[in-house]
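> Sharing a structure with you now.
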Amino acid sequence: MALLPPEFLDTVVAIGIGDNPNSRHWIGTGFIFGNLMKKNMEDGKNSYHLWLITNKHVFEGQKEIYLKFNSLQNPDSKDYYVSLLFDNGRPRWVGHPSKSIDIAAIALNPKVLRDEDRLFFYFRSDQNLFSKDEMVAQKISEGDRIFVLGFPMGLVDKERQYVICRGGYIARIRDYLEDRTNDYLIDALVFPGNSGGPVILCPAPFSLKGTTSINRAVLIGIVKAYIPYRDVAVSPQTRAARILFQENSGLAAVESASSILETVQIASRRMKERIARAQRRANKK
C-alpha cells in the first residue's frame with residue numbers, strides 16, 4: 001500500500017555546483033511545479049508552464065547550477081547546466097518579494113528533457129496542492145503526518161538520482177493558519193541539502209470523529225531550514241562564554257504552498273513583461 005505517489009519522487013531534482021562532474025558539490029534540492037495556463041485544450045488536456053522551485057538561499061551567490069535528471073530508458077542520469085544570470089548580470093530566477101519568505105523560481109523548458117528521454121514529473125497547481133484556504137477547510141492541524149523529499153548532506157549518486165524520503169509530523173501550524181506567520185514548523189530531521197525540498201501531506205484514510213479524512217497526498221510546502229538548538233559553555237573563572245554548541249533540534253521551518261503559488265505568479269508576470277519588451281524592441285528595428 002503506497003501512501004506517497006511514486007511519480008512525486010520524479011518531481012524532485014538535485015541542485016549542484018562545480019564544472020567538474022567528478023567533484024560536483026550538491027548544495028540543495030529543487031522540485032518541478034506546473035502552473036496551470038490553459039484548461040481543456042483541443043486534445044482535452046490542460047497546459048502548464050513548468051518552473052523549478054527551491055529556496056532563495058540556494059541560488060544566492062551562484063552564477064550557474066547543474067540539475068540531475070534520470071534517463072527513462074537507461075540506468076543513468078545527466079547533469080544539465082543552467083545559467084542563473086542574464087547577459088547583463090541580472091538574475092534569471094525570481095524570488096518571493098518578501099525578505100522573510102525563502103522561495104525562488106526559474107523557468108524550465110520541458111522540451112529539452114522530453115527530447116532526451118529524461119524522467120520527470122511535476123506538481124500541478126490545480127490538482128496536487130493545498131493552499132492556505134484549503135488547509136483551513138480540510139482542518140489540517142498539528143500531528144498530521146508528512147513526507148519530506150530531498151537530498152540531505154548532498155547524498156546524490158553519481159550514476160543515478162535517488163531522492164531520499166523522510167517522514168514526520170506537522171509540529172505547529174495554527175499560527176500560520178491564523179495569519180500570524182508566513183511559515184510553519186514540522187517535526188522531521190532535515191539537514192543541509194534538504195533546502196528547497198517539497199513537503200507532502202500524507203493521506204489519512206482514517207480520522208477521529210468530527211474531523212476530515214484526507215484520501216490523497218498533496219504538496220503543502222517547501223523546506224526552508226532546520227531550527228538549531230544552541231547552548232553555550234561558560235568559563236567558571238571568568239563567567240565568559242567560551243564555546244557555542246549547536247545541534248539539530250529535529251524541528252524545521254517550512255514555507256507554504258500558497259507562497260509557492262505567489263512566487264510562480266510573480267515570476268510568470270515578469271516573464272511576460274520581458275517577452276513584451278523584447279517584442280517591442282524587435283518591432284522598432
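The values are calculated or read from the model by the stated rules, or taken from the named source; none is laboratory data. Source: prediction; values computed, not measured. Every residue, glycine as well, gets a Cβ built from its backbone with ideal geometry; the counts of neighbours run over all protein chains shown.
> (1) surrounded by fewer than 12 Cβ atoms within 10 Å (Cβ to Cβ); (2) over 16 Å from Gln161 (Cβ atoms): which one isn't true of Asn74, the others all being true?
Condition (2) is where Asn74 drops out.
> So in region 114-154, with the set limited to residues that are in a loop (DSSP other than H, G, I, E, B) and touching a Gly at 6+ places or on another chain (Cβ under 7 Å), which one is nearest to Glu178 (Cα to Cα)? Show your work before the answer.
First, pick out the residues of region 114-154 that are in a loop (DSSP other than H, G, I, E, B): 116-117, 119-122, 125-128, 130-131, 138-144, 151.
Among the residues that remain, those that are also touching a Gly at 6+ places or on another chain (Cβ under 7 Å) are: 122, 125, 151.
Details: Tyr122: 29, Ser125: 23, Phe151: 32 Å.
Result: Ser125.
> Follow-up. Which of the numbered conditions does Tyr81 fail, given that it passes all the others? Conditions: (1) modelled with pLDDT of 95 or more; (2) more than 18 Å from the chain's Cα centre (by Cα); (3) outside any strand (DSSP E or B); (4) farther than 15 Å from Ile32 by Cα.
Tyr81 satisfies all of (1) modelled with pLDDT of 95 or more; (2) more than 18 Å from the chain's Cα centre (by Cα); (3) outside any strand (DSSP E or B); (4) farther than 15 Å from Ile32 by Cα except (3).
> Tell me which of these Leu85 doesn't satisfy, since it passes every other one: (1) surrounded by 12 or more Cβ atoms within 10 Å (Cβ to Cβ); (2) more than 20 Å from Gly150 (Cβ to Cβ); (3) touching a residue at least 60 places away in the same chain (Cβ under 8 Å).
(3)
> What number of residues in region 34-72 are at pLDDT 95 or above and of a type in the set (D, E, K, R)?
5
> Scan region 160-181 residue by residue and report those that are touching a residue at least 12 places away in the same chain (Cβ under 8 Å), surrounded by fewer than 17 Cβ atoms within 10 Å (Cβ to Cβ) and part of a loop (DSSP other than H, G, I, E, B). I'd like the intermediate steps shown before the answer.
If we filter region 160-181 for residues that are touching a residue at least 12 places away in the same chain (Cβ under 8 Å), which is where we start, we get 160-161, 163-174, 176-177.
Among the residues that remain, those that are also surrounded by fewer than 17 Cβ atoms within 10 Å (Cβ to Cβ) are: 160, 165-167, 169, 172, 174.
Passing the criteria: only Arg160.
> Take the residues of region 193-222 that are modelled with pLDDT of 95 or more and touching a Pro at 6+ places or on another chain (Cβ under 8 Å): which is farthest from Ile140 (Cα to Cα)?
Step by step, filter region 193-222, then rank; the result is Gly193.
> For Asp43, state whether it is more than 21 Å from the chain's Cα centre (by Cα) and either in a strand (DSSP E or B) or closer than 23 Å to Leu85 by Cβ (or both). Reasoning before the result, please.
Details: more than 21 Å from the chain's Cα centre (by Cα): yes; either in a strand (DSSP E or B) or closer than 23 Å to Leu85 by Cβ (or both): no.
For Asp43, the condition - more than 21 Å from the chain's Cα centre (by Cα) and either in a strand (DSSP E or B) or closer than 23 Å to Leu85 by Cβ (or both) - is not met.
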